[in-house]
Each structure stands twice: as C-alpha cells, then as structure tokens.
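Data first, discussion second: the structure below is written as structure tokens.
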Amino acid sequence: MINRFTQSDLNKEFDVIIIGGGINGCGIARDAALRGLSVLLLEKEDFGYGCTSASTRLIHGGLRYLEYFEFSLVRESLIERELLLKNASHLVKPIELCIPIYKNDKRSFFEIKAGMLLYDLLSFDKTLPCHKMMSKEEFIKFEPGVNSDNLVGAAIYYDAQVTYPERICVENAIMAAQASAMVINHAEVITLKNELRKITSLTFLDRLSDKQFTVKGKQIINVSGPWVDKLCSLASNDIKRKIGGTKGSHIIVNKFPGAPTHAVYSSAKSDNRPFFIIPWNDLILIGTTDIHYDEDLDSISASKSEVDYLLSEANSLVPGYKLEKKDILYTYSGIRPLPYISNTKPGAITRKHIIFDHKDEGISNLISVIGGKLTTYRNLSEQATDLLFKKLGRKKVECMTMEIPFIGNQNLCLSEPDYAYTVSDVLLRRSFLGLNPDLGMPSVEKLSNALKEKYGYSDDEIKKQVDEYEKTVSLRQCLLVET
C-alpha cells in the first residue's frame, strides 16, 4: 500500500478543514491558503470527480436565469466569465452560440431579442462581441443542418467553453498546495466528532493506504456537493435536509452529417427545458436532462428514458441525420447539488449558491455549501473565505484570486503533489484519454504498469483500480444502459 503522509504531518489544528475536492472545495482551499489560513482539503475520490466533471462544459452568464428575474446571478456569472477568460485563457475559450427561433415557441423573436439586449447590458464590460439577430434565410446559410420548419430567425451570441473543467479544479488544488494548503485526494471522511455544539475532530480513511487518520480544525466546511447531507448526518441527526439533487445526463457522439458547426441552444420540444448540441473535443456533446434524483450517488448513469429523450430532441433539432443509440460513443451523468425545495420543478430551482452556517442547528463551527455553478465558483470561494475569517475572529485579508492567473496560464511547471494515483485519475482527470471515443481503454495496460512501477502497487491493488475504471466505462457506455 502507498504511504503519502503520516499522522505527524496532521498533528496540528488547521484553521479550516474543507471536505470535498470539487471545483468549489478546491477554489475555497486556494483562496483561504492565499490569504494565510492553514488549510486541509480532503476529497474522497479525486479532484473534480463529481458534478464538476459532469457539466455541459460551458462558462456562461446564465442567459435563461433572466426569465426568473435572477439579474444579480446573471451579472455575477458574467463578471466571473470574464475573469476566467482572462486568468484561465489556456482552458477557457470564447464560444459562439445560436438560438433558433420558431413559430409557437414559448419565447417570440422579439422576446429573445429583448433578452439578448438585457444580456448585453448586464455584460457591459465584457470583451466578447455583442449579440446579433438573423433572419430565417441568414440562419439557414449559417447552420443549414438545423431544422428550418416554422423557423422565424435566430439569435447569435457569445459565452465561453471549457473543454476540460476537471483541469480548472486540479489547477486550483495545485495552487492551493503551492500556497501551503495540504490537499489530499482519496481521503474519505468517516466520522465527525461532535462535542458541546462543536466538531472537535474528524477521522478520514486514506483509501490508498487503508489507514485512518484523525485531524482537528477550528472550522469545518462541507463542500461535498450531492453528498452534503450525508456528511452532515455524521455530525448530527438534527440537521435538516439541505440538498434536492437533480440528475443531468449527456450523450457524446461523433460528428455526423448536418451536425452544427456552432453550439446550438434551443428549447426541448417535449418539455421546453434548455437543450444544447455543442461541438466539443472534436466530437458532439448533447444535453442535458434535469430530473429529481434520490438514488445511489456513487453509481450514477444515464437511464434509457434519458437517452431516448436526448436522441429524440437532437433529431428534432437536427433532422437530416437520424441519430440512434448505436451512434452514441458514451454518456456521462452527474447530480446538481441544488437546494432542497419541495414540490418545485427542477428547472425552476434557483441556481444561486447558499453558504449555510450550522450554528443555528447546534454546531458552531460547521458550514455547508449548497448549490454553486462552475462559472461562479471563484466568487463563492471568496464569500466562503470571508465568512471563515469572520468566524475565526481574524482581521480579514482581502481576496487575491481576481487578479492572479492560473498556473497553467503562467507557463509555470506543473509539478504538484497528488497529481494522480489511480488509473481513473490519469485517464479521466489528467490526460483526458478517457474522454476520447475509445474511453482510453487501449491505454489501460501500459498505464497500469507505469503506476505499479511508480507507486509500488501490488497486482491486486492495480487490478482493483482497473476493475473500478472498467465499471466507470460500463456506466458510460450506452449499450449497457438498463432497458
């Protein structure tokens, strides 16, 4: 078994222990460490393992939030989009999106135009071009494969795309470590010791060495996404439900005849929810669904009904080539950690994040992050770190993350601790070979041998890693989706 650290490395009281190494957890770790707090970040799988890697891979202002009058969220998102375009330009690139407008759509041509004008107004300081409206004839020339029946015209606008959001997460973890945070993946929190309304210590299992470690932190912040309630239950049975997760699934196909060359954003014909067909990684990404989910969080896959829905909507939007299940290279799914609101349609649940202080629920030093978007993770991290300073009784140090470029944007060496320990780490969240059409399977044997040599894994240990990766592949391959 690999040994990465000892108990003596953890024999201190950290200012903050962050549980969850997704984009928000890694962002908070970076911000807090840059401001001088002593930080321990624990992630039970790998950085970016959960909903971070299951997004539609857009950095966007939240155009659709306008119809819910969430103007402050849109403005926040647009500001953060600009910061990512500047500070992570090696990862985040402008993308041109088009919205075809049809007769009898929920939103008319003039309503879409008004929304576009408001979107431009809220992004008055942007570097991207403003929108433009196209006639039916202009749009048919622009995207000839998109359905032209009852077409009125189209809106063209810009947002941004991140091909690999996992890399944003990993680079935040790297920068946190360089600022003296201790960041540990494959570290599962198994107990939270609650004494006199305070978490006095926690114990985690290092899943690579199979050893348990106990650590202390002045403040504990639960940023475990869909697993927030599970973590809270370790501290107290009196904490009310916080997460009302919804599942989002995507399908990946090869480029096909008539496939759009630009990203297409439309309303699904069957339920009017947002629907995307996006060129990505030299493939085509189609998504997404939005359904309530209360099942196993560790074995998530696209259901048959979701796959049928995505295929049907794609064929309605781009009718010239009828996509079938056999055309799907793979699927991927994740759970949005949205706030729990009963009797509310998934699409209507706010995408604003909530930073919840559990002091009123009997635990003085526990904070949970509910919701949050990839685009706005930095601002969420700033707000969470501000709260940490307040709860620690420290004079606040101002946030610096608005100005500091990502390490990959500085052409600096990326030799960081915890780069990758397992087959899944390397294929899915470092090299991204696992996102190719062959899902990285041709590389498994060579990679396994390299990891055995580097870390001294036994045959049984490396076989377990390969089995886990093959399980992930089986969940993603559409032919194995339940019928």
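The values are calculated or read from the model by the stated rules, or taken from the named source; none is laboratory data. What you are looking at is a predicted structure, and each value in this text was computed from that prediction instead of being measured. A quick note on method: Cβ atoms are made from the backbone with ideal geometry, for glycine too, and the neighbour counts reach across all protein chains shown.
Tabulated values for the structure
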quantity: Residue check, Ser233 among the polar types (S, T, N, Q) and in a helix (DSSP H, G or I); calculated: yes
quantity: Filter result (within 19 Å of Ile251 (Cα to Cα) and of a type outside the set (Gly, Ala, Ser)) within the stretch 428-449; calculated: Leu428, Arg429, Phe432, Leu433, Leu435, Asn436, Pro437, Asp438, Leu439, Met441
quantity: Unique match (being hydrophobic (A, V, I, L, M, F, W, C) and closer than 23 Å to Asn87 by Cβ) among Leu121, Leu128, Leu151, Leu117; calculated: Leu128
quantity: Residues of the stretch 355-385 satisfying the condition of being of a type in the set (Ser, Thr, Tyr) and farther than 15 Å from Cys26 by Cα; calculated: Ser364
quantity: Residue check for Tyr377: surrounded by fewer than 18 Cβ atoms within 10 Å (Cβ to Cβ), aromatic (Phe, Trp, Tyr) and out of contact with any Leu (no Cβ under 6 Å at 6 or more places or on another chain); calculated: no
quantity: Residue satisfying all of: in the stretch 186-226; modelled with pLDDT of 95 or more and among the hydroxyl-bearing types (Ser, Thr, Tyr); nearest to Gly21 (Cα to Cα) among these; calculated: Ser224
quantity: Subset of the stretch 335-360 [of a type in the set (Asp, Glu) and at pLDDT 95 or above]; calculated: Asp357
quantity: Complete set of residues in the stretch 388-433 that are at pLDDT 95 or above, part of a helix (DSSP H, G or I) and over 22 Å from the mean Cα position of the chain (by Cα); calculated: Leu388, Phe389, Lys390, Lys391, Leu392
quantity: Filter result (farther than 22 Å from Ile355 by Cβ and over 24 Å from the mean Cα position of the chain (by Cα)) within the stretch 207-227; calculated: Leu208, Ser209, Asp210, Lys211, Gln212, Phe213, Thr214, Val215, Lys216
quantity: Count - residues of the stretch 3-48 that are crowded, with 21+ Cβ neighbours inside 10 Å and either at pLDDT below 95 or β-branched (Val, Ile, Thr) (or both); calculated: 7
quantity: Complete set of residues in the stretch 242-255 that are within 22 Å of the chain's Cα centre (by Cα) and not small (Gly, Ala, Ser); calculated: Lys242, Ile243, Thr246, Lys247, His250, Ile251, Ile252, Val253
quantity: Considering residues of the stretch 450-483 that are closer than 19 Å to Val253 by Cα and assigned to a helix (DSSP H, G or I) only, the residue modelled with the lowest pLDDT; calculated: Leu480
quantity: Some residue of the stretch 256-271 being closer than 23 Å to Ile335 by Cβ, of a type in the set (D, E, K, R) and in a loop (DSSP other than H, G, I, E, B); calculated: yes
quantity: Residue in the stretch 136-151 that is surrounded by the fewest Cβ atoms within 10 Å (Cβ to Cβ), counting only those that are part of a loop (DSSP other than H, G, I, E, B) and among the charged types (D, E, K, R); calculated: Asp149
quantity: Evaluation of Glu188 against (1) in a helix (DSSP H, G or I); (2) surrounded by fewer than 22 Cβ atoms within 10 Å (Cβ to Cβ); (3) not hydroxyl-bearing (Ser, Thr, Tyr) (one fails), failing number; calculated: (1)
quantity: Of residues in the stretch 129-170 being free of Cβ contacts under 8 Å to residues at least 40 places away in the same chain and among the hydrophobic types (A, V, I, L, M, F, W, C), the one farthest from Lys322 (Cα to Cα); calculated: Cys130
quantity: All positions within the stretch 67-92 that are within 22 Å of Ile404 (Cβ to Cβ) and part of a loop (DSSP other than H, G, I, E, B); calculated: Ala88, Ser89, His90, Leu91
quantity: Any hit, the stretch 299-321, residues being in contact with a strand residue (DSSP E or B) (Cβ under 7 Å, 6 or more places away or on another chain), crowded, with 19+ Cβ neighbours inside 10 Å and of a type in the set (Phe, Trp, Tyr); calculated: no
quantity: Enumeration of residues in the stretch 271-304 that are within 16 Å of the chain's Cα centre (by Cα) and within 22 Å of Glu67 (Cα to Cα); calculated: Gly287, Thr288, Thr289, Asp290
quantity: Meets criteria (among the polar types (S, T, N, Q), surrounded by fewer than 22 Cβ atoms within 10 Å (Cβ to Cβ) and closer than 30 Å to Asn147 by Cβ) for Asn281; calculated: yes
quantity: Pair list, Cβ under 7 Å, 6 or more apart: the stretch 106-117 residue among the charged types (D, E, K, R), other residue in a loop (DSSP other than H, G, I, E, B); calculated: Lys106/Asn272
quantity: Of all residues making up the stretch 314-369, the number that are part of a loop (DSSP other than H, G, I, E, B), basic (Lys, Arg) and touching a residue at least 24 places away in the same chain (Cβ under 8 Å); calculated: 2
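Condition check ((1) charged (D, E, K, R); (2) closer than 21 Å to Leu41 by Cα; (3) surrounded by fewer than 19 Cβ atoms within 10 Å (Cβ to Cβ)) across all residues:
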site: Thr344; (1), (2), (3): no, no, yes
site: Glu361; (1), (2), (3): yes, no, yes
site: Lys373; (1), (2), (3): yes, yes, no
site: Lys390; (1), (2), (3): yes, yes, yes
site: Leu427; (1), (2), (3): no, no, no
